[in-house]
Amino acid sequence: MYLRMLTSVDAEVYRGLRLQSLRLHPEAYLSSYESEKKLSIVTTRIRLEPSENNFTLGAFDAEEKLVGIVTFFRESRPKIDHKANIYSVYVDSDVRKQGVGRRLMMELIARARLLPGLEILNLTVTSNNVAAKRLYESLGFICYGTEPKAMKLGDEYLDEDLMILLL
């Protein structure tokens, strides 16, 4: 298992894993499978181009298959550029409970700590996603609130926990 920053070259494998995450776990993401499937591969390539303030990390298995992803996005406006957000955390079910998500998050946090002026990492997690919340808490994130009915999936409302890590 190894981790690296994804680039536009990884657009097709990233897109495959991203669509899988949205199809299998629609309750975990604000984006939908249907809307993301319509995005062109060019759009995906553009989104994957890393910068100091935005990047996506990928975890690859021994066969070089992409099995995990996490995206970092730093705020750009001067009054809030001390904060960044974590999005699109996903680990393929074939490699869950092997520490892939932990490794991705630890690498993201380590990279974030190197960025001048960055003080806060934020993320949201569906309130009933106990495994993800447990992981984030073990890395030092704390829940500072819950947004009731943050997402509506069909006829079901889902709450989201707001979590923060002070760097």
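The values are calculated or read from the model by the stated rules, or taken from the named source; none is laboratory data. Just so we're clear, the structure is a prediction, and the values are computed from it rather than from any experiment. Here the Cβ positions follow ideal geometry from the backbone for every residue, glycine too, while neighbour counts run over all protein chains shown. When the accessible area is computed, the model is the full protein with side chains, heavy atoms only, and any ligands, DNA or RNA have been set aside. Shrake-Rupley method; radii C 1.70, N 1.55, O 1.52, S 1.80 Å.
When each of Asp81, Asp92 is tested for being open to solvent by 20 Å² or more (accessible area, probe 1.4 Å) and not aliphatic (A, V, I, L, M), the lone residue that passes is Asp81.
Just checking, which of Leu114, Leu108, Leu121 is open to solvent by 90 Å² or more (accessible area, probe 1.4 Å) and aliphatic (A, V, I, L, M)?
Leu114
For residues that are among the aliphatic types (A, V, I, L, M) and at pLDDT 95 or above, scanning just segment 74-104, find the one that is farthest from Ala132 (Cα to Cα).
The extreme case among them is Ile80.
The residues of segment 15-31 that are without any contact (Cβ under 8 Å) to a residue 60 or more places away in the chain and open to solvent by 60 Å² or more (accessible area, probe 1.4 Å) amount to a single one, Arg23. Of all the numbered requirements in (1) open to solvent by 70 Å² or more (accessible area, probe 1.4 Å); (2) closer than 16 Å to Tyr2 by Cα, Thr146 misses one, and that requirement is (2).
Condition test on Glu12, is it open to solvent by 30 Å² or more (accessible area, probe 1.4 Å), modelled with pLDDT of 95 or more and more than 13 Å from the chain's Cα centre (by Cα)? Yes.
Helices (runs of 4 or more DSSP H) fully within segment 34-144 that include at least 2 residues being under 27 Å from Arg23 (Cβ atoms) and in contact (Cβ under 8 Å) with a residue 40 or more places away in the chain: 100-113. The criterion of being open to solvent by 20 Å² or more (accessible area, probe 1.4 Å), among the small types (Gly, Ala, Ser) and within 15 Å of the chain's Cα centre (by Cα) does not hold for Ser40.
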